[in-house]
């Protein structure tokens, strides 16, 4: 069932300009600002947390240039592609349940979730049951370059498990575990809480941390990636994204000069 388009009603908030090029639906406007995904924007709208020119937005509301869009009373500020760049490079806080695939036929795919106006690709992966930092770009030519350099990039995770973390477990994880027929590279580990630890990898094997923990009879109950090399998750909330800075891009591929 399609949501009724508020443009048909005089009392709908937002502009009612017939020039479609100057207006867009509120959920797309929010998603393209980088505040959150389109799906998350729909939820915020349904919860009446979004206003346009002081009035609660509806699912079909549209906005135009000059409209005052606020979320929880705070002005929404659009995050444009960085000046001088041909392509988009973003950091997303991926929620649990979102799949890092470009197959838009798959439910919960990351491309539809972000809803970016440009065609973007995830760089690497973060499995469906995990959350946290994932990078995406519209530059398909650079993805393989970054992935080839991946073993030089540290990736930091916060992990919760189903039983108490021991020193023996942390030492074993740090030494390496046989996964997919090969030994994992040595890594750094540290205790965070009775049932939680931090791990820093320089590999990206499929479901690596979960399989490493399982080798010691531990089950991962929560896994969040918080850093990729010099790029940190920071204050991004689940579903939010931001543009990478020039310094962050140089850290990923120091030899490149154009982005």
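The values are calculated or read from the model by the stated rules, or taken from the named source; none is laboratory data. Treat the numbers as computed from the prediction; the structure is a model and nothing was measured. Neighbour counts run over all protein chains shown; Cβ positions are idealised from the backbone, glycine included.
Taken together, the residues in region 243-259 that are assigned to a strand (DSSP E or B) and surrounded by fewer than 16 Cβ atoms within 10 Å (Cβ to Cβ) amount to 0. A residue that is in a helix (DSSP H, G or I), out of contact with any strand residue (DSSP E or B) (no Cβ under 8 Å at 6 or more places or on another chain), at pLDDT below 90 and not assigned by TED's automatic domain parsing to the domain that holds residue 202 occurs nowhere in region 115-127.
Being under 23 Å from residue 163 (Cα atoms) and touching a helix residue (DSSP H, G or I) at 6+ places or on another chain (Cβ under 9 Å) is a description that does not apply to residue 198.
For every residue, the table says whether it meets (1) surrounded by 15 or more Cβ atoms within 10 Å (Cβ to Cβ); (2) modelled with pLDDT of 95 or more; (3) within 25 Å of the chain's Cα centre (by Cα); (4) assigned to a loop (DSSP other than H, G, I, E, B).
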position: 186; (1), (2), (3), (4): no, yes, no, yes
position: 197; (1), (2), (3), (4): yes, yes, yes, no
position: 206; (1), (2), (3), (4): no, no, yes, yes
position: 227; (1), (2), (3), (4): yes, yes, yes, no
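Restricting attention to region 151-166, does a residue exist that is under 15 Å from residue 126 (Cβ atoms), touching a residue at least 40 places away in the same chain (Cβ under 8 Å), exposed (fewer than 13 other Cβ atoms within 10 Å of the Cβ) and under 20 Å from the mean Cα position of the chain (by Cα)? Taking every residue of region 151-166 in turn, none turns out to be under 15 Å from residue 126 (Cβ atoms), touching a residue at least 40 places away in the same chain (Cβ under 8 Å), exposed (fewer than 13 other Cβ atoms within 10 Å of the Cβ) and under 20 Å from the mean Cα position of the chain (by Cα). Before we move on, is residue 171 over 18 Å from the mean Cα position of the chain (by Cα), over 24 Å from residue 236 (Cβ atoms) and surrounded by fewer than 20 Cβ atoms within 10 Å (Cβ to Cβ)? Against the criterion (over 18 Å from the mean Cα position of the chain (by Cα), over 24 Å from residue 236 (Cβ atoms) and surrounded by fewer than 20 Cβ atoms within 10 Å (Cβ to Cβ)), residue 171 qualifies. If I filter region 211-218 for residues that are within 26 Å of residue 40 (Cβ to Cβ) and surrounded by 15 or more Cβ atoms within 10 Å (Cβ to Cβ), do I get at least one hit? No: zero hits.
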